[in-house]
Amino acid sequence: MTSRVQEGSAGRILVVEDEAHIAEGIRFNLEQEGYEVEVVGDGRAAVGLLAGSETDSSDRVGDRPFDLVILDLMLPEMNGFEVARRTRASGNFVAILMLTARDDGSDVVRGLEEGADDYLTKPFRLDELLARVRVLLRRRRWDGVEAPSEPLPDVTVGRAVIHFDRFSIETPEETVNLTTREVGLLRALVDREGETVTRGELLQEVWGLRPDTKTRVIDSFIVRLRRYLERDPAHPEHIISVRGRGYRFER
Ligand code: CA
């Protein structure tokens, strides 16, 4: 799945939110920042736009793909979890920022498991939303503004090259854009090449979750990374499972 931000736009964003005043507030602020924004008010319509198969999408032909989705959890027709799940199942790995109503942890964990890259708890400040949006889009449009002081150099893994600074993996066939969590997970493993990094350490470092959180979020991300990096994802040579403990990266 590749997509590129075109010249002249800071990025194309889909806002999925049924509360009109919130949706319009988000739209106004994003447009002020130069983003191109589309708003839909229910989950089924969102899946139609993102997966392209649930509703008639003939009028969308020719539109370029979205760079980011701001996805409310509570929606008519289909909730945000289901929208994220169906979007990922269709092979669309667009960045997803989920808006949750409660910060009790369970919604957050479920959202991350269904494929959200980041989350924000309502009510949120608009400047905080804009900051998250910038971070999530950085993978597609690296402007160096918030560049880490010592960025990792490119890492060659088999036939693939990981460009940490550009949030992408390049293979002879394609360039794959990575999400912030994918980059975080890769960095956590590459930084400790040859060592086992435990699941608890990854949950804490990459997702900001408690190390004992019961979740399969790491597993689904590992599946994705292996698909990008491994010659045969069923027999990984670079991202190796260490039974009962975690994962080890080998170049
Ligand atoms: Ca809502």
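The values are calculated or read from the model by the stated rules, or taken from the named source; none is laboratory data. These figures come from a predicted structure and were not determined experimentally. Using ideal geometry, Cβ is built from the backbone for each residue, glycine included, and neighbour counts are taken over all protein chains shown.
Of note:
- Consider the range 8-25 and keep the residues that are under 15 Å from Arg134 (Cβ atoms) and outside any loop (DSSP other than H, G, I, E, B). The one that is farthest from the ligand (Cβ to nearest atom) is Arg12.
- If you go through the range 89-102 and pick out every residue that is within 16 Å of the ligand (Cβ to nearest atom) and modelled with pLDDT under 85, you end up with 2.
- Failed item, numbered, when Asp232 is tested on (1) surrounded by 13 or more Cβ atoms within 10 Å (Cβ to Cβ); (2) modelled with pLDDT under 95; (3) of a type outside the set (Gly, Ala, Ser): (1)
- So Arg86, is it away from the ligand (no atom under 14 Å from the Cβ), touching a helix residue (DSSP H, G or I) at 6+ places or on another chain (Cβ under 7 Å), outside the structural domain of Arg216 (by TED's automatic domain parsing) and modelled with pLDDT of 90 or more: yes
- Residues within the range 124-155 that are over 19 Å from Val206 (Cα atoms), of a type outside the set (A, V, I, L, M, F, W, C) and at pLDDT 90 or above, tallied: 4
- Any hit, the range 227-247, residues being of a type in the set (Asp, Glu) and within 17 Å of the chain's Cα centre (by Cα): no
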